[in-house]
Amino acid sequence: MKHAFHGGAVALCLLAAPAAAAPDLAQILSANRAASGGDAWNGKTTLKADYAYSGQGLTGTITSTTDLQNARWVDSFTIGPASGGNGFDGKNAWNKDVDGTVKLQSGGDERQLAVNEAYRRANLWWRSDRGGAATTAVGDKSDAGNLFDVITVTPKEGKAFDAWFDTRTHLLARVVEVQSQLTVTTALSDYRAVDGAEIAGRIVVDTGQGAKYVQTLTLKSASFFAPQPDEIYAPPKVNIADFSIAGGAKQVTIPFQLLNNHIYASVHVNGRGPLLFIFDTGGRNLLTPPQAKALGANVVGQMPAGGAGEGVAEAGFAKIQSLQIGDATFKDQLFAVIPFIPREVEGFDEKGMVGFEVFRRFVTQIDYGNGTLTLIDPKSFDPAKAGTPIPFVFDGDTPEVEGTFENIPANFDVDTGSRVELTLTKPFAGKHRVRETHPKGVDTVDGWGVGGPTRSWVTRAKDIAIGPIHVPNVVTSLSTQSKGAFSAASYDGNIGTGLLKRFVVTFDYGRSIMYLKPVAKADEDTGTYDRAGLWLNLGDHGFRVAYLTPNAPAEEAGLRVGDEILMVNGKSAQVLSLSDMRKMLRDDPPGTKVLFGIRRAGKSRRVVVTLRDLI
């Protein structure tokens, strides 16, 4: 768990004359060093601090160790039922996940944030060269009757953040930093002396997702030590032995269904099942709240959970004794519990998700052509026939690959939980003026997940590259959202199953390599896009119109949001699956007439929608 940390001290408050000029950068940082203990920091090499944690319905402890000379750090935590750690060894950012596995963090802004953390903890801004950072005095800012000197700092290999210093005490009072799509404000107060140096005794982290999700760290103890060995800060070596395949087999293969361009397969949890789960490289192992209740799981915590939508869901943790996927079994797993995709959006009740924890333990091969998913023991995996190898790094839990969008370099997350082909983040699309160069398209709802619907300008790209593999004519969504995952500037786009189903995709999380091999015959649904301009969700007696693309066939034919669709081409809508209905509106050729029998305000009527290409 990342948290801002810094030293500081109380100093005399000197009253400046009303007309005095605002202090420059050197004055601000010199005053901060003096207030923080000044020369008391000289010669100190290692700081260890223990905190009590409270927030998000959980309590726990965090231990932080900082190399003050070389700007390295490591944290370990136990919060509620979860324990783990993270750190920065001077080169690599890493985390020890709550499932016990360890991975390097080089994707998104993860490493930049770790560099920022090291910079602040080691007080590198006190050095004559400012620790190699670009630093600028922003000027005074006031808040709640208090005045602050604010500077913007961009550490070398880090990213910009704002530091607020109290003008009365000259102590660091606040850090404001963009972390992925969130603007996180960390308040520091209650400084106390430790061997002459002042340490913040209270740290409050506000992610901007609501007051109920604020986290508080209270200093329990702090002390200085001699330099510690390098391995203290390095990624720890772990041996995970909580999974197996029956009979000592080297792999297990299960069938899956591709519904709404999502991978669904049956699993067993605590011996109960079969239960329909989505398999998602962009997600975690989780249960829906009703399924957690049905299993009698004890759910703790109230954490904010976000996704592609702009809203925030609430998550908890639950301990699960066993997860079985075919003949593969996973023991003693920590699941998140999240109300992630409503029944009306998918058309059926899904019970949970298989995510990072499973993919990290096995090599996972998804054969979209044959509809099979294979979990392979990493020790026996032979990549010779897996296809083209493409290295990736981790952006949190999600693989991130290098590629291009129409020859523009880009970093793409690879997310089997996304139904679309490619989504470009709002910052990337804006920076490269993609909408201006792709005027043919529609402004619409193109997905629905945690946080609600996603909105984009949907168009077509001439070509994208995933490593060395080029894919032409890609349906591309330019996110228009100011909140949610696609508002982040820390990565450039998201590749979903709509594109991946052109391939047999193999993920080797342990070696950070993805393999792509074209399927023998592409699905007829590949490369298509909705020709009705209609987002349908499940209704009580068929389907319900949830969104209409402006000036598209469905709106022009007279459909309205809220209409209930009871009949489709003379058949009851209740005999059609929502996935097949959406697929039909994508794949039936332009000019096809679709007869809808609808009910609006208690009255029945007929509407004929003539399909046409929209992008």
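The values are calculated or read from the model by the stated rules, or taken from the named source; none is laboratory data. On a predicted model such as this, the values are computed, not experimentally measured, just so you know. Because the Cβ atoms are built from the backbone with ideal geometry, glycine has one as well, and the counts that use them run over all protein chains shown.
Scanning segment 285-320 for residues that are modelled with pLDDT of 95 or more and within 25 Å of S487 (Cα to Cα) returns N285, L286, G316.
Annotation note: of S128, S106, the sole residue that is polar (S, T, N, Q) and within 30 Å of V393 (Cα to Cα) is S106. Got a sec? Which of G417, G449, G441 is within 22 Å of G533 (Cα to Cα), in contact (Cβ under 8 Å) with a residue 60 or more places away in the chain and within 23 Å of the chain's Cα centre (by Cα)? Exactly one of G417, G449, G441 is within 22 Å of G533 (Cα to Cα), in contact (Cβ under 8 Å) with a residue 60 or more places away in the chain and within 23 Å of the chain's Cα centre (by Cα), namely G449. Count of segment 213-247 residues, restricted to those that are surrounded by 12 or more Cβ atoms within 10 Å (Cβ to Cβ) and either under 30 Å from A313 (Cβ atoms) or of a type outside the set (G, A, S) (or both), is 20. Only a single item in (1) free of Cβ contacts under 8 Å to residues at least 24 places away in the same chain; (2) part of a strand (DSSP E or B); (3) within 23 Å of the chain's Cα centre (by Cα) is not met by V505, and it is number (1). Residues of segment 522-545 include none that is within 25 Å of R361 (Cα to Cα) and either touching a helix residue (DSSP H, G or I) at 6+ places or on another chain (Cβ under 9 Å) or surrounded by fewer than 22 Cβ atoms within 10 Å (Cβ to Cβ) (or both). Selection of segment 426-480 for residues being touching a Gly at 6+ places or on another chain (Cβ under 6 Å) and in a loop (DSSP other than H, G, I, E, B) yields V450, G451.
The set of residues in segment 298-332 being in contact (Cβ under 8 Å) with a residue 40 or more places away in the chain, outside any strand (DSSP E or B) and not aliphatic (A, V, I, L, M) consists of G306, G307, G309, E310, G311, G326, D327. When R511 is tested against the conditions (1) touching a Lys or Arg at 6+ places or on another chain (Cβ under 6 Å); (2) not in a strand (DSSP E or B), the lone failure is (1). Just one of the listed residues (A40, A26) is outside any strand (DSSP E or B) and without any contact (Cβ under 8 Å) to a residue 24 or more places away in the chain, and it is A26. If you go through segment 275-294 and pick out every residue that is surrounded by fewer than 24 Cβ atoms within 10 Å (Cβ to Cβ), of a type outside the set (A, V, I, L, M) and within 10 Å of K351 (Cα to Cα), you end up with 4. Checking each residue in segment 564-582 for being over 34 Å from the mean Cα position of the chain (by Cα) and either assigned to a helix (DSSP H, G or I) or in contact (Cβ under 8 Å) with a residue 12 or more places away in the chain (or both) picks out E564, I565, L566, M567, V568, N569, G570, S572, A573, Q574, V575. List pairs: first in segment 44-63 and surrounded by fewer than 17 Cβ atoms within 10 Å (Cβ to Cβ), second not in a strand (DSSP E or B) and not aromatic (F, W, Y), Cβ under 6 Å, 6+ apart or cross-chain? What qualifies is T45/L68; T45/Q69; T45/P227.
The set of residues in segment 101-132 that are in contact with a Ser or Thr (Cβ under 6 Å, 6 or more places away or on another chain) and outside any helix (DSSP H, G or I) comprises G108, D109. Within the bounds of segment 73-93, is there any residue that is under 30 Å from N411 (Cα atoms), among the basic types (K, R) and surrounded by 21 or more Cβ atoms within 10 Å (Cβ to Cβ)? No: zero hits. For segment 593-605, residues that are in a strand (DSSP E or B) and loosely packed, with under 11 Cβ neighbours inside 10 Å total 1.
Within segment 57-88, the set of residues being closer than 17 Å to V300 by Cβ, touching a Lys or Arg at 6+ places or on another chain (Cβ under 8 Å) and part of a loop (DSSP other than H, G, I, E, B) comprises just one member, P81. When each of S142, S83, S106 is tested for being free of Cβ contacts under 8 Å to residues at least 40 places away in the same chain and within 29 Å of F359 (Cβ to Cβ), the lone residue that passes is S83. The residues of segment 174-193 that are among the hydrophobic types (A, V, I, L, M, F, W, C) and out of contact with any Leu (no Cβ under 6 Å at 6 or more places or on another chain), listed by number, are V175, V176, V178, L182, V184, A187, A193.
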